[in-house]
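Notes follow the structure.
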Amino acid sequence: MKLAEAPPEGLRVVVFSHDAHLQAVEAFLGGPPAAGLHLRLDEGHAVARAFGVDALPASILVVDGHLTARFSGARDWDSRAMRRLLERLLQERRPTGAASHIDVPPRPQ
């Protein structure tokens, strides 16, 4: 994943898996995860519950400790459009009183 290898400034990609063992994740990925993915196991789903994740895949963008965007469904994280969107979301500051996050639905196939 190019995004994890060369993320926009200020972005750190952390991947949570519901698998109990790293071997299951490696089998899914076809090998060890890239170092830039910062893989964490969430076997008990505590992190998923904390972020209100009820379906996978789900991606969450947290900026300065604030949930900024939620992406439901699979995404092309290496596309130019996604990189531009992430860069914009990283640069924007939440105005006072604004909603805590935006939901970004998947594009229709």
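So for the range 2-104, averaging the separation of alpha carbon pairs under 8 Å that are six or more residues apart and normalising by length, what relative contact order in percent results? If you can, show how the numbers build up before the last one.
On the way: 112 pairs, mean separation 25.9, N = 103.
The value is 25 percent.
I want the local charge near V14. Using Cβ-Cβ distances under 11 Å, sum +1 for each Lys or Arg and -1 for each Asp or Glu among the other residues.
Details: positive: R12, R40; negative: D42.
Around V14, the charge tally is +1.
Read phi for every residue in the range 53-64 and hand back ³J(HN,Hα) as whole Hz from Karplus 6.51 cos²θ - 1.76 cosθ + 1.60, θ = phi - 60°, with x for Gly and Pro.
7, 10, 8, 10, x, 9, 10, 10, 9, 10, 10, 6
Once phi is turned into ³J(HN,Hα) by the Karplus curve 6.51 cos²θ - 1.76 cosθ + 1.60 with θ = phi - 60°, what whole-Hz value does each residue of the range 70-86 show in order, with x for glycine and proline?
Running phi through 6.51 cos²θ - 1.76 cosθ + 1.60 with θ = phi - 60° gives 10, 10, 9, x, 5, 9, 8, 5, 9, 6, 4, 4, 5, 4, 4, 4, 4 Hz.
Which value, in debye to the nearest 20, gives the size of the charge dipole of the range 2-104 about its Cα centre, when Lys and Arg are +1 and Asp and Glu are -1 at the Cβ?
In debye, rounded to 20, the range 2-104 gives about 380.
Mind listing the phi-derived Karplus ³J(HN,Hα) values for the range 7-21, rounded to whole Hz, using 6.51, -1.76 and 1.60 with θ = phi - 60°, and x for any glycine or proline?
x, x, 4, x, 9, 10, 8, 10, 10, 10, 10, 7, 5, 7, 9
Would you mind checking which residues have amide H under 5 Å from H18's amide H? H placed 1.01 Å from N; only 5 or more apart, or other chain.
D42
In whole angstrom, note down how far apart the Cα centers of the range 63-92 and the range 25-55 are.
Each part reduced to its Cα centre gives a spacing of 18 Å.
Quick one: which residues, 5 or more positions from T68 or on another chain, have an amide H under 5 Å from its amide H? H modelled 1.01 Å from N in the peptide plane, none for Pro or chain starts.
For T68, the qualifying residues are L61, V62, V63.
Every number here is computed from the coordinates shown, using simple stated rules; none is lab data. From a predicted model like this one, the values you see are computed outputs, not experimental measurements. Note that we place each Cβ from the backbone using ideal geometry, even for glycine, and neighbour counts take in every protein chain shown.
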